[in-house]
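Taking it in order: structure first as structure tokens, then the write-up.
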Amino acid sequence: MQHSLFWLAILFGLGITVARFLSASWVVVFVLLSCIVIILTLVIKRALISNFLSFVSFFLLGALIFMNYAYLPRRHINNIIREYKKGCFIIKGIIFDQPLEKRGRVYFLLDTLATGRDNYALTSCGLIRVCLRNKIRLQYGDELVLKGRLRRANFLYSRRPIFLFNVEKSSDCEKLGSHGGFWAKRFIITSQGKIRELLLRKMSPVAGAILQAMVLGDRRGLPWHVNRLMMKSGTLHILVVSGFHVGIVYFFLELFLKIIGIKRRARLLIVLPFLVFYCLVTGASVPVVRATVMCIFFILGAFTNREPDIYNSLGLAALCILLYNPGQLFDIGFQLSFSSVLAIVAFYPRLKKIFQSDKLKPRVLGCLANSALISFSAWSVTSILIFFYFKVFSPVTVIANMIIVPLASFIILAGFGLLFVAFVLPFLTLPFVTAIELIVLVLLKVNSLLIELPGAYFLF
Amino acid sequence: MFFLTEQEKRAVIFLIIICLLSIGVDLFRKINLLPQRIEMFTKNIGKFNLNQAGKDELCEVPGIGEKLAERIISYRRENGSFKDIEQLMNIKGITRFRFDRLKDSLIIR
């Protein structure tokens, strides 16, 4: 079947959506799915019925996986909190990510171990987001006891931590030790910190924050006004690590290995772990996981001399993400990432055929027309989602992307160059820093000019 | 319409069986993971160590202002570390009534 993985991913997603909005017992779905699999095994030779059952089983699998995701154990902090009335809580847990210091406060995720009030505590599990005023230096894996107030936060549905824990006094935080956490995650966080240090050593705050977002995917330090500016012009996607970044990493690694004379198959094998490492260092967000899975799919295709299918690779990437976390289906990041790629893959070849953009002379005009068509293809779908979530409609996005994406590409390339130079020849960093500062300035100016055009964007 | 090959159907069956097993184990674990009552892990959380707290930290305690915090620190400097919380009453401005209010927010280590 053509694009089989793609259609299976669609059915899987449909199952998740139905399970989200309709309530059914997971036991019933579990038993039903088991029966269907048994029947499917028996009638596998009968084409029509086995096909139908395969699709139904994938639909039910999506529903069941979402039910399992949504079903929280009795020990989960959300269930424990329900048993108490409002008030102060004492929570013991281990820091789950790298704490972020911002405006005199520290923010991090805490994996809870026990939750209590004045006299006793209950063992618990589940993540909460903590905000505390603290002077102690905290890091991933630290075991803490905290006292504060819990409140439900309005996060998007897919995100697990739904409680905010506010710790007001510095004495309400007691550090017990720092033995928790997973060594691989600690290694990734340490690498992130070192890369950040190399990147931002000589950069100005705004350029540094933009570079950090573009190269490392860490948008936490991004100024509010830059975020707003990019949102209005519909070019916020350049501040997210995506397939483009993964492509650059792949391209340069492959080129470097080719120059030093390594054979093609060996090159592909060497590149794979680097791509996975880059995916993890950038926080394994949806766009970068999608791009990495697609890239691995293509590499494996090349390795086995098989023609890779873009729809299937997209389907496989979606399945990988949704099997791990089915709630991601309702996350705007997931929807924008997959819909934009799908729109480009589906519409761009057709539009190119209609407008005959390849035959335009001179060739530069053809390239410009092609980039406009790619931008338009992505915008035609993402603009609907952006309007739905942010109440912004930006017709200027099509033109903005044509100007801003090349500029962003320069920044990303210069960022990777800066990283390499800072690591190997630190005295040569200044030209890179100056170039990045200049391009960031041009990018922000162009963005400001574009959104001042009449009818550039409409806020609802 | 869309037809899966026999190999693809086998792959689907394999994937679903793996998923069913892992979901079954996960759900069983979730159902049996009940909260257990344990001893409260700390009794001193939220309390400042009187021998280490700085001016800013002392000011966070309800009932201690800037002047009183300065007096506590200078008392500590002149007489060495606090050995008993009742020593607080030797400081000018701390009456029995005020001491009763403060004693639950402070500890001595």
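Worth a mention:
- Condition check for A:Ile412: over 27 Å from A:Leu351 (Cα atoms), crowded, with 16+ Cβ neighbours inside 10 Å, aliphatic (A, V, I, L, M) and in contact with a Phe, Trp or Tyr (Cβ under 9 Å, 6 or more places away or on another chain): yes
- Of the residues making up the range A:273-297, those that are crowded, with 17+ Cβ neighbours inside 10 Å and part of a helix (DSSP H, G or I) number 17.
- Options A:Leu419, A:Leu360, A:Leu368, A:Leu425; residue that is over 26 Å from A:Phe252 (Cα atoms) and assigned by TED's automatic domain parsing to the domain that holds A:Thr235: A:Leu360
- Subset of the range A:18-56 [more than 26 Å from B:Phe28 (Cα to Cα), among the charged types (D, E, K, R) and more than 10 Å from every other protein chain (Cβ to nearest Cβ)]: A:Arg46
- Test: residue in the range B:30-53 that is outside any loop (DSSP other than H, G, I, E, B), at the interface with another protein chain (Cβ under 7 Å from one of its Cβ atoms) and closer than 30 Å to A:Tyr324 by Cα: yes
- Among residues of the range B:79-109 being over 20 Å from B:Lys55 (Cβ atoms) and not aliphatic (A, V, I, L, M), the one that is nearest to the chain's Cα centre (by Cα) is B:Asp104.
A quick yes/no check of all residues on (1) out of contact with any Gly (no Cβ under 6 Å at 6 or more places or on another chain); (2) in the same structural domain as A:Val381 (by TED's automatic domain parsing); (3) buried (at least 21 other Cβ atoms within 10 Å of the Cβ); (4) modelled with pLDDT of 85 or more:
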| site | (1), (2), (3), (4) |
| --- | --- |
| A:Lys263 | yes, yes, no, yes |
| A:Pro308 | no, yes, no, no |
| A:Ser313 | yes, yes, yes, yes |
| A:Asn325 | yes, yes, no, yes |
| A:Ser340 | yes, yes, yes, yes |
| A:Ala343 | yes, yes, no, yes |
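- The residues on offer are A:Ile238, A:Ile262, and the sole one that is under 21 Å from A:Ile210 (Cβ atoms), touching a helix residue (DSSP H, G or I) at 6+ places or on another chain (Cβ under 9 Å) and of a type outside the set (Phe, Trp, Tyr) is A:Ile238.
- Single residue of the range A:376-396 satisfying the filter (in a helix (DSSP H, G or I) and in contact with a strand residue (DSSP E or B) (Cβ under 7 Å, 6 or more places away or on another chain)) that is surrounded by the most Cβ atoms within 10 Å (Cβ to Cβ): A:Ile386
- Among the residues of the range A:182-216, the ones that are within 22 Å of the chain's Cα centre (by Cα) and under 30 Å from A:Leu146 (Cα atoms) come to 13 in all.
- Where helices (runs of 4 or more DSSP H) fall wholly inside the range A:160-267, the ranges with 2 or more residues that are hydroxyl-bearing (Ser, Thr, Tyr) are A:183-200.
- Within the range A:101-147, considering residues that are part of a strand (DSSP E or B) and of a type in the set (Lys, Arg), the one nearest to the other protein chains (Cβ to nearest Cβ): A:Lys147
One line per residue, one yes/no per condition, for (1) closer than 30 Å to A:Val421 by Cα; (2) of a type outside the set (A, V, I, L, M):
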site: A:Leu122; (1), (2): no, no
site: A:Gly126; (1), (2): no, yes
site: A:Arg137; (1), (2): no, yes
site: A:Leu146; (1), (2): no, no
site: A:Phe182; (1), (2): no, yes
site: A:Ile189; (1), (2): yes, no
site: A:Leu229; (1), (2): no, no
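The values are calculated or read from the model by the stated rules, or taken from the named source; none is laboratory data. Since this is a predicted model, take the numbers as computed values, not measurements. Counting neighbours? That spans all protein chains shown, and the Cβs are built from the backbone with ideal geometry, glycine included.
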